[in-house]
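What follows is a set of notes on a single structure, which appears directly below.
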Amino acid sequence: MSIRISQIDKTYGATRALEPIDLDIRDGELIGLLGPSGSGKTTLLRIVAGLEQADGGTIHFGEREVTQVHVRERRIGFVFQHYALFRHMSVFENVAFGLRALPRRQRPSNSDIRTRVMQLLEMVRLSAFAERFPAQLSGGQQQRVALARALALKPDVLLLDEPFGALDAKVRQELRRWLRHLHEELGFTSLFVTHDQEEALELSDRVVVMSNGRVEQIATPDTLYREPANRFVFEFLGEVNRLEGDVANGRLTCGNASVSVPGVEPGRRELLLRPHEVHLAEHAIPAAHLPITVAAIVPVGAEVRLELEADWLEEPWLASVSHAEFERLGITRGRRLFALPSRLHGFDAAGAQNVALPVG
Ligand code: ADP
Ligand code: MG
């Protein structure tokens, strides 16, 4: 089911929770709403659900306008962070609840309910736990029951608000795979809220980045990461190194350091880059003369993280390099090398400039 959100806005007292928002979600898409706390994610989700009334704008599910349609008539499934299961009901009865609550004419027979519930429990690999009670399950298992329960009525749209927020990192990772998997298997459209960049980038077909009730960018994870539309998106999506200097004739200079920045407007500029966009070499190249000293070395998993200092830098840069590169360069603390940025990102009133440099 496609979802079309047009000019939806919301104000609570003096708080502008949502500026007019437009968002088109395709049938079967998995969309992540990502933003800091208070950016309006939950408000938007609740309006799509019909749990909250917008001040203006319209919502369509497919061709059908649902702006005034009651939550019960929207064919939606929910999973919330603290949408606790019914504690006095077995896992089976929790999942069956929505089916049993249907008006008699729509309600499946007991044996059909049984089949459907066991199918759902099979899907979330909890068949063996059907007779247990929520308190006898781990947090991750409880959220899997919540997922099964949300899917029992075959919703066209699944809405999730920080569904894995209360769980530890390893379980979150596992549940992400579950959600991905169920989404592909069942083909519903889903909209999920998170403030976790990694979660949004890993799960979503497209991510909607929000701040202060506004949409900052809507893009695939790859585009968001490579071509952030503005400074907010760039800074929110990962670690940032800063380079400030004077740009003239397509080159930025800062003390004894300089780097080619074709297309960047002359004047005082701040450019940003990610740790993985910092490469290292024994020699400078014509495009980049950025002498640095390795101040700290931290091996983390597949990479080595380096802290780089230089008197032309206000604060140290972080670089993440492969173990192979680390060994090839024979990096030790105190080693003097040259930084070679593969990309530099500038943001100003004119928009985003993402400069690629010829670094091998
Ligand atoms: P998020 O989910 O991104 O953390 P919310 O949508 O919950 O953000 O909140 C957006 C803004 O609206 C916040 O400033 C919040 O304090 C405010 N807000 C949300 N719900 C209410 C409410 N029921 N009454 C008053 N203000 C609210
Ligand atoms: Mg929220």
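Taking residues in segment 27-56 that are over 29 Å from Arg177 (Cβ atoms) and of a type in the set (Lys, Arg), and partners anywhere that are assigned to a strand (DSSP E or B) and more than 9 Å from ligand 2 (Cβ to nearest atom), not one pair has Cβ atoms closer than 8 Å while being at least 6 places apart or on different chains. Of the listed requirements (1) assigned to a strand (DSSP E or B); (2) in contact with a Lys or Arg (Cβ under 7 Å, 6 or more places away or on another chain); (3) away from ligand 2 (no atom under 16 Å from the Cβ), Met210 misses just one: (3). Every test in (1) part of a loop (DSSP other than H, G, I, E, B); (2) under 27 Å from Glu227 (Cα atoms) is passed by Leu340 save one, and that test is (1).
If I filter segment 33-41 for residues that are polar (S, T, N, Q) and within 15 Å of ligand 1 (Cβ to nearest atom), do I get at least one hit? Yes, segment 33-41 contains a residue that is polar (S, T, N, Q) and within 15 Å of ligand 1 (Cβ to nearest atom).
Being over 18 Å from Leu151 (Cβ atoms) and either under 23 Å from the mean Cα position of the chain (by Cα) or in a loop (DSSP other than H, G, I, E, B) (or both) is true of Leu23. In this entry, Arg125 passes the filter for residues that are of a type outside the set (Val, Ile, Thr), surrounded by fewer than 14 Cβ atoms within 10 Å (Cβ to Cβ) and at positive phi. Among the candidates Glu327, Glu270, Glu315, Glu307, the residue that is open to solvent by 50 Å² or more (accessible area, probe 1.4 Å) and assigned to a loop (DSSP other than H, G, I, E, B) is uniquely Glu315.
Does segment 32-43 contain at least one residue that is closer than 22 Å to Asn212 by Cβ, among the hydrophobic types (A, V, I, L, M, F, W, C) and part of a helix (DSSP H, G or I)? Within segment 32-43, not a single residue is closer than 22 Å to Asn212 by Cβ, among the hydrophobic types (A, V, I, L, M, F, W, C) and part of a helix (DSSP H, G or I).
One residue stands out among those in segment 194-247 that are in contact (Cβ under 8 Å) with a residue 40 or more places away in the chain, closer than 25 Å to Asp27 by Cα and of a type in the set (S, T, N, Q): the one that is farthest from ligand 1 (Cβ to nearest atom), which is Ser204. Among the residues making up segment 39-57, those that are open to solvent by 10 Å² or more (accessible area, probe 1.4 Å), out of contact with any Gly (no Cβ under 9 Å at 6 or more places or on another chain) and within 13 Å of ligand 2 (Cβ to nearest atom) are Thr42, Arg46, Leu51, Glu52.
Matching residues to (1) within 29 Å of Asp27 (Cα to Cα); (2) open to solvent by 70 Å² or more (accessible area, probe 1.4 Å); (3) touching a strand residue (DSSP E or B) at 6+ places or on another chain (Cβ under 9 Å):
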site	(1), (2), (3)
Ala84	yes, no, no
Phe129	no, no, no
Ala135	no, yes, no
Arg149	yes, no, yes
Leu158	yes, no, yes
Phe164	yes, no, yes
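The values are calculated or read from the model by the stated rules, or taken from the named source; none is laboratory data. What you see is a predicted model, and the numbers here were worked out from it, not measured in a lab. Quick reminder, even Gly has a Cβ in these numbers, built from the backbone with ideal geometry, and neighbours come from all protein chains shown. The accessibility values were calculated without ligands, DNA or RNA, using every heavy atom of the protein model including side chains. Shrake-Rupley method; radii C 1.70, N 1.55, O 1.52, S 1.80 Å.
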